[in-house]
Amino acid sequence: METLAGVVESLVFSSEDGRFSVFRVVPDGQSGRVTATVSSAPPLVGQQVELQGDWVEHPRFGSQFKATHIRVAAPTSAEGILRFLASGAVAGIGPAMAQRVVARFGEHALDVIENEPHKLLDVPGIGKKTAKKIHESYQEQSELKEVMLWLETHGVSGAYGARIYKQYGSFALDILEREPYRLASDVKGIGFRTADAIAMASGVEPDDPERIAAGIDYALEGVASAGHACVPEEWLLREASRALGVGREPVCDALRGAMESERLYCETVGGETMVYPPMLYAAETEVAERLRDLAARADVFSVDDPEILAREWERADGLTLSDGQRQAITAALRHGVFVLTGGPGTGKTTVVRGMIAVLEGLGLTVRLGAPTGRAAKRLGEATGRKASTVHRMLEAQGSDEEVVFARDEEEPLEADVIILDEVSMMDIVLMQHFLAAAPRGCHVILVGDVDQLPSVGPGAVLADILRSEALPCVRLTEIFRQADTSLIVRNAHAINAGRMPVCADGGAFEFRETASEEATAAEIVRLCAEELPAEGIDPLRDVQVLSPMHRLSCGIDRLNRLLQDALNPPAPYLAERAAGNFTYRVGDKVMQIRNDYEKGVFNGDVGFVEAMDEKKLLVRYGDELTAEYEREEMGELQPAYAMSVHKSQGSEYPVVLLPLVPGHHIMLQRNLLYTAVTRARERVILLGSRRALRAAVENDRTRRRYTLLAARLAGTLE
């Protein structure tokens, strides 16, 4: 690691969240300047900095000093103070005023601003209000400097200083000294490890009760991200002890205390204690309670024989329904909560259309929703009715970190019946908020394919409801689509049953064996850039490349770069914008990866970069919406030439390409392959090794999700 010391000359870029900045430094004893980057908020212009890091060669911006550690100090020379004040870092002082202040006070200018602000009245153009503004603004900078100095003197990078000060203001030092573990929950970008380093550096003992409690919370953080709603007590004790580096006994004592005080919650089932984070305990118990309540209190629709209505719609629409389909339509009238599940081609959409027709024929208000925008769009197109995302239905506001729903128990939705599609994608927290907004007496119909991948978030709501057998359900099994001739549908059911798919060269379902992972990636690029376009297929709008993993030769990250170069190569007349590890170009296919309620775009929405300049980037989603992204917001996007199978859920594409290679063995699972295949409407092309394909088909050992929703609904908890 090298050290670079000098004065900050100018700021080039700073992300709004304080996680990355670029600035220019004049090294000590030199007249030239160098570009430095640091993963933190930037220092101030004019500050003396000492950076530790390495020189790197950026492909576009040349030589840069990539700092991993930064130490800052206030400028001491008159020249440095002038540069600092002229930068606008202190409110009330611009370049001209900075000249006058430094001319009057020289090297003592900052001391006057901090300790004797009344003397500023001697400077032409500064009155009492301006002097006060200058003093208060600089005081904030001084407090920030103190926070950074405290961190540095305790052996922790001062790079966290700006984030900590932004959160706590004048109380930052007090929090650091007395409640350091608050940082892990309060400050974005600071987790337990960093908070623990700060706490230990300030003298906290390894077995301090607050540290043990924070370590338990840290271990529980992984619960939701792994899809669990709760975890066994023994698992939690083991993981927390490992993270803290202490024995089992103090962790066990702290955990017992947390459960007795109801800071954490537990349930016992089968002699095993399961521990919940408070939010997930509330979500799971409320979902179970509201489902039972809706099932018991739903309005009874005035129909003598629901089956007669189903048969009348069947004749009017010129259809021949199976017994299961007809049973599902009548169940929508009879039950407050009803679940419809089934694989591709089994007629779920036909049933939903029949339900809507029969219900609306009775004068009832029916609302349609789905977890994602693409799933809602498909539902709307299939039924000829308006459908919205669950977030839009609940009138979500704010951000993913602090989302607020305008529709809730006090302001419920207005509907007699609500039909939700693709419910396998809904996690326990979103279901909690939806059910809270479902009005008393409303009928709720949940539709989905339980054999697809479970939700990204915690829980397995659809699977748990079915497993509980506590609510009425119909599972469709008979294949209807395309007169039982769709090879994609037949192969999807074969995969789900553990049988190898039937593949035909050049047909609707094809497997192309390749010699290596590199060859697989090259064949995907060739298909998208040459073969499929020659057949009249648009590789950007009609084709979706899916991949089980982000890493390796056939991972999402590399495939995105290869496909961008092949389908949207750089042009001298088009601007480019680097964001993270990807450089965007006009025409790029991109995906929104967070819900943004102000822009009206949601996690999973796919669009195309329409224009860009040095400050912003415009993305068009469909025919109606264009969203603008400032530089610091580009982290909400990722390239979408290739995407994960999880991100594709709820969507349908004419053509799907999927690499299956040995390097992805960790993710080669039956439900992942089944989900990927069922995304295709006309054609599936699998590429890679037959061994990897067979491994995916045979591996039905999906990771267990710890959740007790099924037991709650069935009433079998101890």
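Treating only the Cβ atoms of Lys and Arg (+1) and Asp and Glu (-1) as charged, compute the dipole magnitude of the range 335-453 about its Cα centre; round to the nearest 20 debye.
On the way: 11 positive and 17 negative charges, 133 e Å.
Charge dipole, the range 335-453, about its Cα centre: 640 debye, nearest 20.
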When the charge dipole of the chain is computed with +1 on Lys and Arg Cβ and -1 on Asp and Glu Cβ about the Cα centre, the Cα farthest towards its positive end, among ILE216, VAL337, SER39, belongs to SER39
The range 616-624 - phi-based ³J(HN,Hα) in whole Hz, Karplus 6.51/-1.76/1.60, Gly and Pro as x: 8, 9, 10, 10, 9, 10, x, 9, 10
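Restrict the search to the range 402-484; then list the trypsin sites (Lys or Arg not before Pro) that DSSP places in a loop and that have at most 12 other Cβ atoms within 10 Å of their Cβ. It would help to have the intermediate numbers written out before the result.
Numbers: sites: ARG407, ARG440, ARG467, ARG475, ARG481; in loops: ARG407, ARG440.
Passing sites in the range 402-484 are ARG440.
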Let's test this: bin the Cα-Cα distances of the range 325-426 at 10 Å from zero up to the farthest pair and state each bin's percent. 14, 45, 32, 9, 0
List the lysines whose alpha-carbon lies under 27 Å from that of LYS589, not counting same-chain residues fewer than 8 positions away? LYS377, LYS386, LYS599, LYS615, LYS616, LYS647
Charge tally in the Cβ shell below 12 Å around ARG512, where Lys, Arg are +1 and Asp, Glu are -1, ARG512 excluded: -3
Let me cross-check VAL404: its accessible surface, 1.4 Å probe, with only protein heavy atoms counted, in Å² to the nearest 10? 90 Å²
Give me, ordered by chain and number, the residues 5 or more places off TYR265 or on other chains with an amide H under 5 Å from its own placed amide H. TYR276
By its C-alpha gyration tensor, with a ≥ b ≥ c as the square roots of the eigenvalues, how is the range 624-718 shaped: rounded for a/c under 1.5, else prolate for a/b larger than b/c, else oblate? oblate
Report, by chain and number, residues whose modeled amide H sits under 5 Å from the one on GLU610, excluding near sequence neighbours (fewer than 5 apart, same chain). GLY587, LEU618, VAL619, ARG620
Let me have the 222 nm mean residue ellipticity of the chain computed from DSSP H runs of 4+ only, each contributing -39500 (n - 2.57), with the sum over all residues rounded to the nearest 500. -11500 deg cm²/dmol
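If you average 1/r over all unlike Cα pairs in the chain and invert the result, what Kirkwood radius do you get in angstrom?
Numbers: mean 1/r = 0.0342 Å⁻¹.
It works out to 29.2 Å.
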So, counting K/R as plus one and D/E as minus one, what does the shell of residues with Cβ under 15 Å around GLY688 add up to? +1
Which of the aspartates and glutamates could a cross-linker span from LYS128 if the Cα-Cα distance has to be under 13 Å and same-chain partners fewer than 8 positions apart are dropped? GLU116, GLU136
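At 1.4 Å probe size, put VAL403, VAL444 in order of accessible surface, largest to smallest.
Values: VAL403 50, VAL444 0 Å².
Largest to smallest exposure gives the sequence VAL403, VAL444.
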Applying the gyration tensor rule to the Cα atoms of the range 52-204 (axes a ≥ b ≥ c; rounded if a/c under 1.5, else prolate if a/b exceeds b/c, else oblate), the class is oblate
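Please get the size of the charge dipole for the range 35-178, origin at its Cα centre, with Cβ charges of +1 on Lys and Arg and -1 on Asp and Glu, quoted in debye to the nearest 20.
Details: 15 positive and 16 negative charges, 111 e Å.
In debye, rounded to 20, the range 35-178 gives about 540.
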Under a Cβ-only charge scheme (Lys and Arg +1, Asp and Glu -1), can you give me the dipole magnitude of the range 208-252 about the Cα centre, in debye to the nearest 20? 140 debye
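Would you kindly give the portion of the calculated P(r) for the range 176-277 that falls above 21 Å, as a percent of all Cα pairs? Intermediate results must be reported in sequence, preceding the final value.
Working: 1641 of 5151 pairs.
Considering the range 176-277, 32 percent of its Cα-Cα pairs are separated by more than 21 Å.
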Please enumerate, by chain and number, the lysines with C-alpha under 20 Å from the C-alpha of LYS129, excluding those fewer than 8 residues away in the same chain. LYS119
Along the charge dipole of the chain, which of GLY324, TYR584, GLN52 sits closest to the positive end, that is, farthest toward it, with unit charges on the beta carbon of Lys, Arg, Asp and Glu (+1, +1, -1, -1)? TYR584
Furthest towards positive pole of dipole, THR350, ALA295, VAL661, structure part the chain, Cβ charges: VAL661
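Give me the percent of the accessible area of the range 41-137 that comes from carbon and sulfur atoms, probe 1.4 Å, all protein chains in place. Spell out each step's value before the answer.
Numbers: 2580 of 5050 Å².
Roughly 51 percent of what the probe reaches on the range 41-137 is carbon or sulfur.
I'd like to check one number: the per residue accessible area of the chain, probe 1.4 Å, reported in Å² as a whole number. Each step should come with its number before you reach the end.
Working: 32340 Å² over 718 residues.
Result: 45 Å² of accessible area for each residue.
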Evaluate the relative contact order of the chain (contact order divided by residue number), counting alpha-carbon pairs under 8 angstrom at least 6 apart; express in whole percent. 10 percent
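The values are calculated or read from the model by the stated rules, or taken from the named source; none is laboratory data. Not measured: the values here are computed from a predicted model. Positions of Cβ are backbone-derived with ideal geometry, glycine not excepted, and every protein chain shown enters the neighbour counts. Surface areas here come from the heavy atoms of the whole protein model, side chains and all, with no ligands, DNA or RNA. Shrake-Rupley method; radii C 1.70, N 1.55, O 1.52, S 1.80 Å.
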